[in-house]
């Protein structure tokens with residue numbers, strides 16, 4: 001039997017109140033512990049001031065790959081589909097992890113678990129709800145969170161309206177897109193109206209891989225995220241470049257997740273393609289020159305093999321810090337980048353903060 005609308009609204013209101021109560025209790029606990037001087041259990045020095053004021057470490061790291069969920073998203077999609085890590089997210093969990101690793105700001109986005117916007121009948125409403133919720137989280141914790149607004153792609157009209165609302169009303173930092181939608185990847189001509197608007201606004205665009213129609217559950221015992229998502233990222237990168245979308249929309253600043261997926265390991269093939277008669281005139285700096293115009297985050301790739309490969313393909317200025325929280329944590333990424341043997345101290349400063357800062361200037365303070 002379908003649950004009455006009034007009952008559903010009451011359940012959602014109760015869930016929101018429970019979540020806020022949990023967040024408040026956690027904050028009060030941290031303040032009381034810090035006030036008692038029990039510093040050994042706190043994740044970072046000066047936490048009492050940070051927790052009480054909402055401030056993070058000045059000049060700290062900026063995480064471009066930090067996931068969240070809204071209560072309405074959990075209610076609509078379901079905890080099982082979203083997974084416990086995302087469905088149980090509250091801002092305090094991110095703040096605790098951030099403070100423990102010196103991260104001042106996390107740029108929030110929706111993870112692809114459960115294909116959250118895959119139902120066209122709910123996509124417009126859920127995208128709006130997620131964006132408003134994330135904007136409120138950012139407002140409640142000044143300087144600690146930014147927002148990549150999600151869209152109901154491939155609904156073009158709905159996406160254009162959400163981009164307008166997100167930038168003009170919510171004042172978000174950028175737009176979040178998945179690397180593919182059904183059987184089309186970013187760079188496809190079908191998405192031109194969206195990229196024309198993003199180009200007009202000189203938008204920062206964060207992308208996250210998802211499983212395309214072609215490639216779901218190819219290996220039954222291996223999750224799509226382990227292999228397919230890196231491949232989907234690579235498809236989007238190469239389609240943006242070789243299909244000409246990157247050249248058509250030069251003002252769009254795109255971030256690709258997970259070190260560019262498999263792109264750094266396939267670069268020889270792409271470099272040779274760019275030299276061919278079909279493309280040579282369009283790529284005077286070769287494939288590497290085109291690839292360097294994108295950003296690539298370090299989420300799930302803060303290791304010697306991945307960072308060595310990526311840093312050989314693109315300059316340090318194209319690499320930005322990402323953690324994939326709550327699936328991974330900030331501390332292990334800070335440690336991995338420092339110990340991978342690839343980057344100097346200056347390189348690390350640029351990756352952790354300086355490379356992305358010009359595109360999110362409100363976090364300079």
Being surrounded by fewer than 18 Cβ atoms within 10 Å (Cβ to Cβ) and outside any helix (DSSP H, G or I) is the filter here; which residues of the stretch 330-360 pass it?
341, 344, 360
Is it fair to say residue 192 is surrounded by fewer than 19 Cβ atoms within 10 Å (Cβ to Cβ), within 21 Å of the chain's Cα centre (by Cα) and more than 21 Å from residue 263 (Cα to Cα)?
no
Matching residues, the stretch 206-226, being farther than 24 Å from residue 108 by Cα and not in a loop (DSSP other than H, G, I, E, B):
213, 214, 215
Here are some residues: 126, 177. Which one is touching a residue at least 24 places away in the same chain (Cβ under 8 Å) and in a helix (DSSP H, G or I)?
126
Options 105, 159; residue that is buried (at least 19 other Cβ atoms within 10 Å of the Cβ) and assigned to a helix (DSSP H, G or I)
159
Against the conditions (1) over 16 Å from the mean Cα position of the chain (by Cα); (2) within 30 Å of residue 216 (Cβ to Cβ); (3) surrounded by fewer than 22 Cβ atoms within 10 Å (Cβ to Cβ), where does residue 115 fall short? Just the number, please.
(1)
For residue 52, work out the one condition from (1) crowded, with 22+ Cβ neighbours inside 10 Å; (2) modelled with pLDDT under 50 it doesn't fulfil.
(1)
Grab the helices (runs of 4 or more DSSP H) fully contained in the stretch 245-295, keeping just those with 2 or more residues being more than 20 Å from the chain's Cα centre (by Cα), over 17 Å from residue 207 (Cα atoms) and free of Cβ contacts under 8 Å to residues at least 12 places away in the same chain.
267-275
Restricting attention to the stretch 184-219, the residues that are at pLDDT below 95 and either closer than 20 Å to residue 130 by Cβ or touching a helix residue (DSSP H, G or I) at 6+ places or on another chain (Cβ under 9 Å) (or both) number exactly 7
Only one residue in 363, 327 is surrounded by fewer than 18 Cβ atoms within 10 Å (Cβ to Cβ) and in contact with a strand residue (DSSP E or B) (Cβ under 9 Å, 6 or more places away or on another chain). Which one?
327
Limited to the stretch 180-189, what total is found for residues that are touching a residue at least 40 places away in the same chain (Cβ under 8 Å) and within 18 Å of the chain's Cα centre (by Cα)?
3
By residue number, the members of the stretch 76-86 that are surrounded by fewer than 17 Cβ atoms within 10 Å (Cβ to Cβ) and either in contact with a helix residue (DSSP H, G or I) (Cβ under 9 Å, 6 or more places away or on another chain) or not in a helix (DSSP H, G or I) (or both) are 78, 79, 80, 81, 83
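The values are calculated or read from the model by the stated rules, or taken from the named source; none is laboratory data. Small disclaimer: the values here were computed from a predicted structure and weren't measured. Virtual Cβ from ideal backbone geometry, glycine too; neighbours counted across all protein chains shown.
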